[in-house]
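Below is one structure, written out as structure tokens, with a few remarks after it.
Throughout, read-outs are computed from the coordinates displayed, never taken from laboratory work. Not measured: the values here are computed from a predicted model. Glycine also receives a Cβ, built like all others from the backbone with ideal geometry; neighbour counts cover every protein chain displayed.
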Ligand SMILES: *Cc1c(COP(=O)(O)O)cnc(C)c1O
């Protein structure tokens, strides 16, 4: 189907932060498959783990115990607030599970009337019918029939509006702790803390959509860990399998108490092949020093980006984000900057609010950051010359 407006460019190989196109040209990858290839391309540990698993067992049904999935669940829970996990194959499915878990919790704890979920303008939660309703973006909902009922959207980070939207039928509040697709917009910790308080006072569940921010992107394994505010339910996907499609919904035992045998399921979710990818990703990320590297590189990168912004005020207005989830709020159309960067053989991706996202693999070196900055400098120089010529 013609659902994607694709660039005329295809790749046949990748190594680390580099991609090789079918015409042999090399590209510096600051998109990482939209925050997926956190360990870069063809990471030796992931290749070895997947190859070994591929020779043993790819798939068995969830009718049986899957030790590989139990191991990944235990590791994710040990590294987070959660007690239990459900595995699926994508971010939208992880969020869908989070929504169902929250509604079911209310239903089995004596509040079947509580099914509504408060969400925020500009949010992106996926492309299934329910997650589209949660995201509330008109351009994605148009023409797909009645919008799934039960989502109340309020302006971004507006505490009064949030309090006003919570009512006797509210089950949960759901938010990305750092808004990705919506334009790399930071949510104040004080706001997240206020949401936690509202949830505690009113018996609601707090759901964090960490599909994009999770798995190391912001410099911690999960973005919420930087804030000190803990959710009851969390959706993960993108980088969880380092490029292999896998998602997860994590929750406390309390929040997941309604999710008993038969209430939810997935044919592929948590199969041995996917779990070997997630397990290998965790091996690398949980090794000592991994996040020190991400934080150090991110700081360095942001300093260099601030210099670029100062040099080209007619191209870049602001540098945003946390860790290696960085947004350049553009003055020129964001798409022009993405195109100019691609002309420099550097891959980036646009987001809402006229922002260009920079999402390099977390394993990127100082030298490769310097290379990215040099290409960005050239792209900005070209755009500002063009702008001057037009005036
Ligand atoms: C990408 C994304 C999703 C959807 O993930 P898919 O794997 O495309 O279904 C959901 N929430 C957030 C925050 C995302 O960034």
When only Cα pairs under 8 Å and 6 or more residues apart are kept, what is the percent relative contact order across the range 286-391? 26
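For a Förster distance of 45 Å, can you work out the FRET efficiency between the beta-carbons of residue 1 and residue 74, rounded to the nearest 0.05? Don't skip to the answer; put the middle values down first.
Values: r = 39 Å, r/R0 = 0.87.
That gives a FRET efficiency of 0.70.
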Modelling each spin label as a point 7 Å along the Cα-to-Cβ direction, I'd like the residue 54/residue 189 distance in nm, to one decimal. 4.4
How many nm is it between the label spots at residue 267 and residue 45, if each spot is 7 Å from the Cα in line with the beta carbon? 3.3
So the angle from the long Cα axis of helix 290-311 to the longest Cα principal axis of the chain, reported in degrees to the nearest 10, equals 50
Expressed as a whole number of Å, what is the distance separating the alpha-carbon centroids of the range 93-118 and the range 212-228? 24
Efficiency by 1/(1 + (r/R0)^6): what FRET value for residue 257 and residue 339, r their Cβ-Cβ distance, R0 = 56 Å, to the nearest 0.05? 0.65
As a footprinting exposure proxy, order 388, 29, 339 by other Cβ within 10 Å, with the fewest listed first. 388, 339, 29
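What does the helix-only formula give at 222 nm for the chain: each DSSP H stretch with n ≥ 4 adding -39500 (n - 2.57), the total divided by the residues, and the result rounded to the nearest 500 deg cm²/dmol?
Details: 13 runs with 154 residues, N = 391.
Result for the chain, helices only: -12000 deg cm²/dmol.
Please state the relative contact order of the chain as a whole percent: Cα pairs under 8 Å, 6+ residues apart?
Values: 789 pairs, mean separation 88.8, N = 391.
Once divided by the residue count of the chain, the mean separation gives 23 percent.
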What is the helix-to-structure angle for 91-108, meaning the angle in degrees between its Cα long axis and the longest Cα principal axis of the chain, kept from 0 to 90 and rounded to the nearest 10? 20
From fewest to most C-beta neighbours within 10 Å, the residues 346, 215, 259, 1 line up as 1, 259, 346, 215
Highest to lowest packing among 83-92, 203-212, scored as the average C-beta count within 10 Å: 203-212, 83-92
Separation between Cα centres of the range 263-297 and the range 44-66, rounded to whole Å: 14
Sequence ranges 142-150, 16-24, 128-136, ranked by mean other-Cβ count within 10 angstrom, highest first: 128-136, 16-24, 142-150
Kindly express, to the nearest 10 degrees and within the range 0 to 90, the angle between helix 44-56's C-alpha long axis and the longest C-alpha principal axis of the chain. 50
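Going by how many other Cβ atoms sit within 10 Å of their own, how do 345, 125, 41 line up, fewest first?
Details: 345 15, 125 31, 41 22.
Result, fewest neighbours first: 345, 41, 125.
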Label residue 318 and residue 367 with points 7 Å out from Cα along Cα→Cβ: what is the distance between them in nm? 3.6
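Please give the contour-minus-distance gain from residue 147 to residue 287: 0.36 nm per residue of separation, less the Cα-Cα distance, rounded to one decimal in nm.
Working: separation 140, 0.36 × 140 = 50.40 nm, distance 4.40 nm.
Working it through step by step, the gained length comes to 46.0 nm.
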